[in-house]
1. Report, ordered by the first and then the second residue, all pairs with beta carbons closer than 7 Å, sequence separation of six or more or different chains, a first member in the stretch 242-253 that is farther than 19 Å from residue 13 by Cα, and a second member that is polar (S, T, N, Q).
2. Pull out all pairs, ordered by first then second residue, where Cβ-Cβ is under 8 Å, the residues are six or more apart or on different chains, the first lies in the stretch 162-174 and is assigned to a helix (DSSP H, G or I), and the second is β-branched (Val, Ile, Thr) and buried (at least 16 other Cβ atoms within 10 Å of the Cβ).
3. With the condition being modelled with pLDDT under 90 and more than 19 Å from the chain's Cα centre (by Cα), I'd like the helices (runs of 4 or more DSSP H) fully within the stretch 1-108 carrying at least 3 qualifying residues.
4. Checking residue 168 against (1) surrounded by fewer than 15 Cβ atoms within 10 Å (Cβ to Cβ); (2) touching a Leu at 6+ places or on another chain (Cβ under 9 Å); (3) within 15 Å of residue 36 (Cβ to Cβ): exactly one of these is not met. Which one?
5. When you scan the stretch 119-136, do you find a residue that is aliphatic (A, V, I, L, M), within 29 Å of residue 18 (Cα to Cα) and part of a strand (DSSP E or B), even just one?
6. Out of the residues in the stretch 155-208 that are within 20 Å of the chain's Cα centre (by Cα) and β-branched (Val, Ile, Thr), which is farthest from residue 225 (Cα to Cα)?
7. Could you please find all residues in the stretch 137-161 being assigned to a loop (DSSP other than H, G, I, E, B) and in contact (Cβ under 8 Å) with a residue 12 or more places away in the chain?
8. Under the condition of being of a type in the set (A, V, I, L, M, F, W, C) and surrounded by 18 or more Cβ atoms within 10 Å (Cβ to Cβ), which residue from the stretch 171-196 is nearest to residue 110 (Cα to Cα)?
Amino acid sequence: MSIALKVDVDTLRGTREGVPRLVETLRRHGAGATFLFSLGPDHTGRAIRRALRPGFLRKVGRTSVLEHYGLTTLLYGTVLPGPDIGRRARGEMLAVRDAGFEVGVHCWDHVAWQDGVAQADAAWTLAEMSRAIERFAEVFGEPPRVHGAAGWQMNAEALRLTQRLGFDYASDCRGSRPFLPLWNAEPVHCPQFPTTLPTLDELIGLDGHTVDNVAEHLLSLTAAAPEQDQVFTLHAELEGQKLLPVFERMLHG
């Protein structure tokens with residue numbers, strides 16, 4: 001069994017603070033990971049619109065959003081202008097690639113994609129993905145080979161574009177094993193490697209899971225299926241900051 005680590009980087013703070021900590025930790029443990037970057041504006045504050053969704057406020061209460069993200073980040077895109085992550089944190093992004101880790105595209109505007117792509121048309125979807133690809137090439141000097149959608153949200157056109165825009169593979173969804181997408185009998189020849197395990201923020205505060213025992217619970221899930229390869233998604237804003245000790249316990253096994 002192998003466990004692939006996928007690091008979603010959603011915010012400017014996560015890129016500047018969480019990513020370097022994760023790089024140092026992973027290198028110390030001799031572990032690899034794929035870092036997927038949000039490359040455009042940080043509009044995290046606009047996620048307040050999710051407060052009307054069932055269960056959102058309960059999750060906010062369980063996972064201490066203010067503690068993990070910080071007040072400034074939670075005001076970006078509302079009271080404060082959203083900073084351009086790709087421009088402001090280019091050095092931190094390059095340091096990840098230069099440290100030997102795989103890098104790829106998460107999105108252009110995280111909140112816009114996660115909240116809007118399911119209902120978006122083909123033109124909007126192409127524009128968002130194209131902006132992210134162009135900025136990635138501007139930062140790294142080469143096109144991206146990996147795509148991992150914000151919030152695991154996609155639409156039919158986004159799936160098509162993973163193939164048309166030249167990605168080698170993607171990790172855009174949840175699931176149990178790798179597959180080639182088939183949408184209404186239309187094949188997409190860009191393999192998907194879905195996230196197979198729950199994330200820390202999905203577990204902490206539920207069913208008795210705490211920061212003190214959640215690592216052991218996740219390890220027990222992998223031990224229960226020793227022949228199945230896994231993909232675990234972590235976040236620079238969580239495991240790269242307050243939850244870093246939990247992630248280290250997972251690395252120790």
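The values are calculated or read from the model by the stated rules, or taken from the named source; none is laboratory data. Predicted model, so just to flag it, every value in this text is computed and none were measured. Neighbour counts are summed over all protein chains in view; Cβ atoms, including those assigned to glycine, are modelled from backbone coordinates with ideal geometry.
1. Close Cβ pairs satisfying both conditions: 248/25.
2. 162/188; 163/188
3. Working: elements: 19-29, 56-63, 65-69, 71-75, 85-88, 90-98.
The helices (runs of 4 or more DSSP H) meeting that bar are 56-63, 71-75.
4. Looking at each condition in turn, residue 168 falls short on (2).
5. Checked the stretch 119-136: no residue is aliphatic (A, V, I, L, M), within 29 Å of residue 18 (Cα to Cα) and part of a strand (DSSP E or B).
6. So, considering only residues that are within 20 Å of the chain's Cα centre (by Cα) and β-branched (Val, Ile, Thr), the one farthest from residue 225 (Cα to Cα) is 162.
7. Taking the stretch 137-161 and keeping what is assigned to a loop (DSSP other than H, G, I, E, B), we get 141-145, 148-149, 153-155.
Within the stretch 137-161, 143, 144, 145, 148, 149, 153, 154, 155 meet the criteria.
8. Checked the stretch 171-196; the qualifying residue nearest to residue 110 (Cα to Cα) is 193.
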